[in-house]
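Here is the structure we will look at.
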Amino acid sequence: MRTLDLSPLYRSFIGFDRLASALDTSSASSAQETYPPYNIESLDENRYRVTMALAGYSKDDITLTIEDTTLTVAAKLEPSSDDKKRRFLHRGIEQRNFERKFQLGEHIEIREAEFENGLLHIDMERVIPEEKKPKQIAIGVH
């Protein structure tokens, strides 16, 4: 079984450890959940990118939904008549239905998703509301 080392997320992101823990737990839960392969990348302090390798899929096969703090990437393929006629001697490129869920940290928003050259890129950003941002407090003299 392949393991994913998320320790860099723990070192780099204060307050983002719940996302790292959730991703760590979800990635280790079963071998079935290793498909499709993906990367999680830190673009800067508040921006992140999930990249999924989806060779053989088109953007019309893929759906992205977000509910509360869960991002779901799914694909549902309808078999065509050409698929039934094909005879593979070796099939190393998997193409099947899947559903992959990611638990997002607080204040994480999806900015955009692009599908290019068989890679799905999902860009997200931590946007902290004004009332949650640090404030400078003036010190008075009595």
(request) Filter segment 45-63 down to the residues that are surrounded by fewer than 16 Cβ atoms within 10 Å (Cβ to Cβ) and of a type in the set (Asp, Glu), then identify the one that is farthest from Glu94 (Cα to Cα). (result) Glu45
(request) Select from segment 64-75 the residues that are of a type outside the set (A, V, I, L, M, F, W, C) and assigned to a strand (DSSP E or B) and write down the one among them that is farthest from Gly92 (Cα to Cα). (result) Glu67
(request) Starting from residues that are closer than 21 Å to Gly118 by Cα and part of a loop (DSSP other than H, G, I, E, B), keep the ones in segment 41-63 and report whichever is modelled with the highest pLDDT. (result) Leu54
(message) Can you pull out every residue in segment 19-40 that is modelled with pLDDT under 90, farther than 19 Å from Gln95 by Cα and touching a strand residue (DSSP E or B) at 6+ places or on another chain (Cβ under 8 Å)?
(response) Leu19, Ala22, Leu23, Ser26
(message) Scan segment 78-89 and tell me whether some residue there is over 14 Å from Tyr35 (Cβ atoms) and surrounded by 10 or more Cβ atoms within 10 Å (Cβ to Cβ).
(response) yes
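The values are calculated or read from the model by the stated rules, or taken from the named source; none is laboratory data. Keep in mind that what you see is a predicted model, and the values were worked out from it rather than measured. Glycine gets a Cβ as well: all are built from the backbone with ideal geometry, and neighbour counts include every protein chain shown.
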